[in-house]
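Comments concern the structure below.
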Amino acid sequence: MVIMNRRQTIPKHLRYTIMDFDRQFPDVDACIEHLKEQRFPGGIAYCAKCRVEQKHHRIKGRPVYACDVCLNQISPMAGTIFEHSSTSLRLWYYAMYLMASTRCGISAKQIQRETGVTYKTAWRMFKQIRSLLSETDMQLEGEAVEMDESYFGAKRKRGEKRGRPSKDSSKQCVVGVVERGVGKGRVFATVATDATKATLHGIAKERILPDSVVFTDDYASYNGLDAEGYQHRRINHSAGVYVMGDCHTQTIDGFWMLVKSGLRGVYHNVGKHYLQTYLDEYSFRYNRRDRGNLIFNDVLQRVCERAELRPALVNPEMPVSQEAAF
Ligand SMILES: [Zn+2]
């Protein structure tokens, strides 16, 4: 099994402890100020009234900033996952910190226990944060990659065989590709409708660069990958062979184990509907495992990158979102 980081301690320059968090974000104002700096550095933002970039200043006691010239207000939370949420921004930041700092996943129960929010609120926060972590446009660049499918969900029924489930099984097929090689090692994992040749080849063509070496097991759906322009090498799992020299799928197997033990231990059961967002969460951390605790910064950055690009206007006439507030 591939362990994400064998060292017990994180190198100093990659460390960001809960004490660091408390120092950087002692209160909700610090979080609002931080978010503002991420989205409108120096308070400079487009003012829809002046129709130019203007400096904005904080309105005391409110999470908004006003144009220095015309006093038109903008909110750094507009268009982000925090908009319309009545949960304190500091709690959001803390939830992101927890999710970024864990190896194996974090349960909504834990943040409920630690902070006193309701379970529903905690669960919704994690769901929203997870929704930012997908890497749908990721192209794998390793010269060699491992590809494998795995199955998630309900336990095997009595008499059901190990291995690939039958067609009517309630298990969900998931396909993963991981890069090999120093400095790479990123994973891409997606929920798949099935494990047919068409599906698996489609995912390969979409994610793996031509001419790459592709390691798979001997499952028939991988047949013909060489005809697609890959150097296909396979290991005969059905004959009980798991490693032959560099021919193995141990890296992607390690990732599956990490996700499965996390989902079992932390999330208990995950509905099919949400499985992709959990895969995204695990992949996001896995792909940044050399970043130590600084993954938190990457999550914060995602919040801003994925914020809707619309004027961050605060308009009292604006209809209240129909989504349930936290
Ligand atoms: Zn203005």
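The values are calculated or read from the model by the stated rules, or taken from the named source; none is laboratory data. Treat the numbers as computed from the prediction; the structure is a model and nothing was measured. Here the Cβ is made from the backbone with ideal geometry for all residues, glycine too, and neighbour counts use every protein chain on show.
Go through the residues of the stretch 83-95 one by one and say whether even a single one is crowded, with 20+ Cβ neighbours inside 10 Å, in a loop (DSSP other than H, G, I, E, B) and at pLDDT below 95.
Within the stretch 83-95, one or more residues are crowded, with 20+ Cβ neighbours inside 10 Å, in a loop (DSSP other than H, G, I, E, B) and at pLDDT below 95.
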Got at least one residue in the stretch 79-91 being touching a Gly at 6+ places or on another chain (Cβ under 8 Å) and either of a type in the set (D, E, K, R) or within 16 Å of the ligand (Cβ to nearest atom) (or both)? no
Within the stretch 54-76, track down each residue that is more than 8 Å from the ligand (Cβ to nearest atom) and more than 35 Å from the chain's Cα centre (by Cα). none
Exactly one condition in (1) part of a helix (DSSP H, G or I); (2) β-branched (V, I, T); (3) within 21 Å of L263 (Cβ to Cβ) is false for I106; which is it? (1)
Please specify each residue of the stretch 116-135 satisfying the condition of being among the β-branched types (V, I, T) and surrounded by 16 or more Cβ atoms within 10 Å (Cβ to Cβ). V117, T121, I129
I need the strands (runs of 3 or more DSSP E) fully contained in the stretch 177-257, keeping only those with at least 2 residues that are surrounded by 13 or more Cβ atoms within 10 Å (Cβ to Cβ) and of a type in the set (D, E, K, R). 231-235
Kindly indicate whether any position in the stretch 60-67 is of a type in the set (S, T, Y), over 30 Å from K127 (Cβ atoms) and in the same structural domain as R113 (by TED's automatic domain parsing). no
Anything in the stretch 23-53 that is surrounded by 13 or more Cβ atoms within 10 Å (Cβ to Cβ), over 24 Å from the mean Cα position of the chain (by Cα), part of a helix (DSSP H, G or I) and of a type in the set (D, E, K, R)? List them, or say none. D29, E33
Qualifying position, being over 21 Å from E305 (Cα atoms) and more than 16 Å from the ligand (Cβ to nearest atom), among R23, R51: R23
Among all residue pairs at least 6 apart or on different chains, which show Cβ distances below 9 Å where the first residue, located in the stretch 297-309, is assigned by TED's automatic domain parsing to the domain that holds A48 and the second is surrounded by fewer than 19 Cβ atoms within 10 Å (Cβ to Cβ) and at pLDDT 95 or above? L300/H34
Residue under question is G79, and the condition is that it be part of a loop (DSSP other than H, G, I, E, B) and more than 29 Å from the chain's Cα centre (by Cα); does it hold? no
